[in-house]
Amino acid sequence: MSSNLTQALLELADDNLILGHRLSEWCGHAPMLEEDLALPNMGLDLIGTARTLYSYAGTIESNNKSEDDLAFLRDEREFLNCLLVERPNVNFAHTVLKQLYFSTFMKLYWNEALNSKDEIIVGVAGKAKKEMSYHIRHSGEWVIRLGDGTTESNKKLLEAVDALHIYTNELFFDTPNNIYFIKKDILPSRKALKSKWEKEINSIFKMAFVPYPEFEGELSGGRLGLHGEELGHLLASMQSVHRAHPGAKW
Amino acid sequence: MTKTTPLWEVFIRPRNGLSHKHVGSLHASDKTMAINAARDVYTRRNEGTSIWVVPSISITASDPDKADENFEPSEDKIYRHPTFYDIPEDIGHM
């Protein structure tokens, strides 16, 4: 039972760590200095949340793992993040749209998690909810401006919607690891957040002149450890220092 | 870049009771984006409780060539400084 909670926490922590790492990839490469600071800032918010969740997961697991063990010494198939967060940055439109999708979802999630019977979850939720509000504002304003900007920026945003929307349904999947804890009021149901999420994304899409995608269907598998090839490259880069220098400290 | 994202001056209030201080400038397309960018660029180390942004173009500056006529006349008028009074000790730091 406790190992199920570990798995459920790893799903959450992996989402935050992997998207946080994706944002950090912009450091030194963003289209303008202001975004060069803003994107890694948001990445650090997510990595901070991941750290708390990994530490918690490490203490409830019988073999006592550190946050570094969980972040840097697991292989691709052991990562339980949803596919959306591991998608490559591609360009600025992909990046801010992915951020809007994820932060809108996580804000709803943490808002429900404030009612959890687990006080560590409540603590994480209180802090992360405020961070997600800012991520929504930052990425949402950009989505609106790209959509309502030039022909070129509108085209790039529509391409990003085409590429990424199909990954969003996986956000709402209550995995077997979660169901017990949802019933016990320890973790919120993801499925229950879907209609609110669609409403919020749709209201931003309207301002951005983006038609809300009508297609059914999804790409998923991340929660089962089945990832795209890109996650392997991300992990190779993210874990290389820790694996080359085990136990190294700052 | 300056055409689509003009320059803004950023003012931060470090604490309640203090005034907003000029901290620098940044590029942004409009006021909403300027506030966001100011938050990201200038308050990462917990510097502030309030942000003002002003389009740089709205600021009228004194002419550097007129610095002499503007500022030199005050140099020899030290009697304008409130340093010729004895402050009672009970008043403390002023």
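In region A:140-193, how many are among the small types (G, A, S), under 23 Å from B:K3 (Cα atoms) and part of a loop (DSSP other than H, G, I, E, B)? Even if it seems obvious, please write down each step before you answer.
Of the residues in region A:140-193, the ones among the small types (G, A, S) are A:140, A:147, A:149, A:153, A:160, A:163, A:189, A:192.
From the residues that got through so far, the ones that are under 23 Å from B:K3 (Cα atoms) too are A:140, A:147, A:149, A:153.
Remaining after also requiring part of a loop (DSSP other than H, G, I, E, B): A:149.
The total comes to 1.
I'd like to check something: does region A:185-193 contain any residue that is in contact (Cβ under 8 Å) with a residue 24 or more places away in the chain, of a type outside the set (V, I, T) and under 23 Å from A:V96 (Cα atoms)?
Looking for residues that are in contact (Cβ under 8 Å) with a residue 24 or more places away in the chain, of a type outside the set (V, I, T) and under 23 Å from A:V96 (Cα atoms), one finds at least one in region A:185-193, hence yes.
Tally the residues that are among the β-branched types (V, I, T) and either farther than 23 Å from A:I136 by Cβ or free of Cβ contacts under 8 Å to residues at least 24 places away in the same chain (or both), restricting the search to region A:29-61.
The number of residues fulfilling the criteria is 2.
Under the condition of being closer than 17 Å to A:A57 by Cα and out of contact with any Ser or Thr (no Cβ under 7 Å at 6 or more places or on another chain), which residue from region A:103-124 is surrounded by the fewest Cβ atoms within 10 Å (Cβ to Cβ)? Full working, then the answer.
First pass over region A:103-124, keeping only residues closer than 17 Å to A:A57 by Cα: A:113, A:116-124.
Still in the list and also out of contact with any Ser or Thr (no Cβ under 7 Å at 6 or more places or on another chain): A:113, A:116-121, A:123.
On the way: A:A113: 22, A:S116: 20, A:K117: 11, A:D118: 18, A:E119: 8, A:I120: 15, A:I121: 24, A:G123: 15.
Restricting to residues being closer than 17 Å to A:A57 by Cα and out of contact with any Ser or Thr (no Cβ under 7 Å at 6 or more places or on another chain), the top hit is A:E119.
For region A:18-27, state whether one or more residues are surrounded by fewer than 17 Cβ atoms within 10 Å (Cβ to Cβ), without any contact (Cβ under 8 Å) to a residue 40 or more places away in the chain and not in a helix (DSSP H, G or I).
Taking every residue of region A:18-27 in turn, at least one turns out to be surrounded by fewer than 17 Cβ atoms within 10 Å (Cβ to Cβ), without any contact (Cβ under 8 Å) to a residue 40 or more places away in the chain and not in a helix (DSSP H, G or I).
Please state which one of A:K98, A:K117, A:K127, A:K107 is charged (D, E, K, R), touching a residue at least 12 places away in the same chain (Cβ under 8 Å) and outside any helix (DSSP H, G or I).
On inspection, the qualifying residue turns out to be A:K117.
Go through the residues of region A:1-15 one by one and say whether even a single one is of a type in the set (A, V, I, L, M), under 21 Å from A:T175 (Cβ atoms), modelled with pLDDT under 95 and not in a helix (DSSP H, G or I).
yes
Six or more apart or on different chains, Cβ atoms under 6 Å: show the pairs whose first residue is in region B:13-31 and β-branched (V, I, T) and whose second is surrounded by 14 or more Cβ atoms within 10 Å (Cβ to Cβ).
Close Cβ pairs (under 6 Å, with a partner that is surrounded by 14 or more Cβ atoms within 10 Å (Cβ to Cβ)) amount to B:V23/B:V10; B:V23/B:I12; B:V23/B:Y42.
Yes or no: region B:59-80 includes at least one residue that is part of a strand (DSSP E or B) and either touching a residue at least 60 places away in the same chain (Cβ under 8 Å) or of a type outside the set (G, A, S) (or both).
No: region B:59-80 contains no residue that is part of a strand (DSSP E or B) and either touching a residue at least 60 places away in the same chain (Cβ under 8 Å) or of a type outside the set (G, A, S) (or both).
Can you name the condition, by its number, that A:D36 falls short on among (1) within 14 Å of another protein chain (Cβ to nearest Cβ); (2) in a helix (DSSP H, G or I); (3) buried (at least 19 other Cβ atoms within 10 Å of the Cβ); (4) out of contact with any Asp or Glu (no Cβ under 6 Å at 6 or more places or on another chain)?
(3)
Quick one: count up the residues across region A:203-216 that are over 12 Å from A:V161 (Cα atoms) and in a helix (DSSP H, G or I).
4
Taking region B:1-57 as the region of interest, how many residues are of a type in the set (S, T, N, Q), within 14 Å of another protein chain (Cβ to nearest Cβ), over 12 Å from the mean Cα position of the chain (by Cα) and surrounded by 13 or more Cβ atoms within 10 Å (Cβ to Cβ)?
Number of matching residues: 5.
Is region A:78-89 home to any residue that is surrounded by fewer than 20 Cβ atoms within 10 Å (Cβ to Cβ), modelled with pLDDT of 95 or more and either among the polar types (S, T, N, Q) or part of a helix (DSSP H, G or I) (or both)?
Yes, there is a match, as at least one residue in region A:78-89 is surrounded by fewer than 20 Cβ atoms within 10 Å (Cβ to Cβ), modelled with pLDDT of 95 or more and either among the polar types (S, T, N, Q) or part of a helix (DSSP H, G or I) (or both).
The values are calculated or read from the model by the stated rules, or taken from the named source; none is laboratory data. Just so we're clear, the structure is a prediction, and the values are computed from it rather than from any experiment. Cβ: placed from backbone, ideal geometry, glycine included. Neighbour counts: every protein chain shown.
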